[in-house]
Structure formats: structure tokens, C-alpha cells
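Data first, discussion second: the structure below is written as C-alpha cells.
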Amino acid sequence: MTVETYIENHLAPEPEYLQKIARKTNVRLINPRMVSGHLQGRFLKMLTQMINPKNVLELGTFTGYSALCIAEGLSEDAHLHTIEIDDELEDFIRENFASSPFENKITLHIGNALDIIPTLSETFDMVFIDADKRQYWEYFEAVLPKVRQGGFIIADNTLWNGKILQPIQHGDNQTCAIIEFNDLISKDNRIEQVILPLRDGLTIIRKK
């Protein structure tokens, strides 16, 4: 038994609709590991409850698992905007949202996040970044002005399967971008941050 398996065996249970989404993702799509999964999903729900945001933005919906975990932690009057660039996933995402109790708490946007973010009028209390790793810094700069003082940005995959510590392979733009993002974030005096070694690395950022 691995430590992660032990942890998952002692977590709050994964809701049945999320189990079904994870199974369907594994059957239908070629990159099912992109689903947040049980451990990270329960963490996102609890973190949302702790922050108690009224407006949340997610970049990178994929099949909707993480969005539903966030929505599960929202209060009754709170709302989540989530952006997915792959229009071929739209029907699958909407089907998954409809299978949950939280469909009415979520607005799905299909398109490029960097085009959509400027059109959103909300001030966000929390942002979850889990989209194209090559654009993490651009996403951060785009959302930071829309985050309230004391608000949070959570960036996923910031340990990038340990590749941040290995020699960079030629053409590996994603690893280069994650390394650059981590370096820039660590020196940014507008924020404070900590990297958690949870799953593939999760950076919690607080706007000063």
C-alpha cells in the first residue's frame, strides 16, 4: 500500500457522481490523469469552504470534476465561472454538471481563457488555474487584477511530475513554463505563496 492509497482510504468519501465522472473520463478520453481525483478533489472542496468565496474562477474545466468539487464547497449565494478551451468537451462537461446537485452554481465558458477573462465583470475571491501550462504566467497576470485583496489563486501541477528538478528536454515548453512560473511567483512582492507537494504540486497564492 502506498502513502497516497492510505490517505485516500482515510478521506471523506468521494460522492458517487464524481466517481462516475472519473470512470467515464477514463473510458472516453486519452488523458484521464488530468482529472483532479479523490484526494485533490476533497482538498479543493475543503479549501473552498475555508475561504468561503462568493465568486470563483476556474481556468481549465476538462471534464468538470474539479469544478464540481469547488461548487460543493460554495455557500448558497456563491457562484463559479469555469473556462474550457476545448469545445469538443462541452457536451460531456454539461452532462457531468447535470448529473450533480450543483449545476445551478456553475457557469461554463468555452474559449480561450485569456480572451474571456477581460470580459468578466466580477471581482473574484478565489481562482483555480489548471489550464495550458505554457501560459501559467499569462493567466496569473490576467487574473490578479480581478482578485480582491486577501483573495486566493491556486495553481495546479506546479511540481510537474518532478520534471522541474530534471534536465529539460529539447522542446519541452510546458516544463520550461512551469519553472518560469514558479521562479517568478517566488519573487513577486504582490503576493505570498506556498507550494504543497499534493499530487502533482499545488501552489496556494494569497494577494496582499
- [ ] Could you please report the charge total around GLY73, scoring K, R as +1 and D, E as -1 over all other residues with beta-carbon less than 11 angstrom from its beta-carbon?
- [x] +2
- [ ] Quick one: order MET1, MET34, MET50 by neighbouring beta-carbon count within 10 Å, fewest to most.
- [x] MET1, MET50, MET34
Open item on the list: Longer than 18 Å from Cα to Cα, which of LYS20/LYS54; LYS54/LYS207; LYS54/LYS105; LYS105/LYS207 are they? Say none if no pair is.
Closed with: LYS20/LYS54; LYS105/LYS207
Task: Pair ASP172, GLU138: separation of 7 Å Cα→Cβ label points (nm) - done: 2.2
- [ ] Scan the stretch 61-113 for GluC sites (Glu not before Pro) in coil per DSSP, keeping those whose Cβ has at most 13 other Cβ atoms within 10 Å, and list them by number.
- [x] GLU76
Task: Approximate spin-label separation GLN193-LYS20, in nm, with each point projected 7 Å along Cα-to-Cβ - done: 3.8
- [ ] Grab the Cα-Cα distance for MET50 and ASN9, subtract it from 0.36 nm times how many residues apart they are, and report the gain in nm with one decimal.
- [x] 12.5 nm
- [ ] Report, for the chain, the % of DSSP beta bridges that are antiparallel, rounded to 5.
- [x] 35
TODO: Taking a cut-off of 18 Å between Cα atoms, list the lysines near LYS163, but don't count ones fewer than 8 places away on the same chain.
DONE: LYS133
- [ ] Grab the eigenvalues of the alpha-carbon gyration tensor for the stretch 1-81, scale each by 5, take roots, and send me the semi-axes largest first in whole angstrom.
- [x] 22, 17, 10
Task: Helical contribution to [θ] at 222 nm, DSSP H n ≥ 4, -39,500 (n - 2.57), averaged over the chain, rounded to 500 - done: -11000 deg cm²/dmol
Task: Counting all C-alpha pairs of the stretch 3-207, share separated by more than 27 Å (%) - done: 26
- [ ] Compute the normalised compactness of the stretch 118-208: alpha-carbon radius of gyration over 2.2 N^0.38 Å, N being the residue count.
- [x] 1.08
Open item on the list: Below 15 angstrom from the Cβ of PRO13, what's the summed charge of the other residues (Lys, Arg +1; Asp, Glu -1)?
Closed with: -1
Open item on the list: Quick check: residue separation of VAL27 and ILE204 times 0.36 nm, minus the Cα distance between them. What number comes out in nm?
Closed with: 60.6 nm
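All of the numbers you see were taken from the coordinates with simple rules; none came from a lab. Because the structure is a prediction, the values reported are computed rather than measured. In this analysis, Cβ positions are derived from the backbone assuming ideal geometry, glycine residues included, and neighbour counts consider all displayed protein chains.
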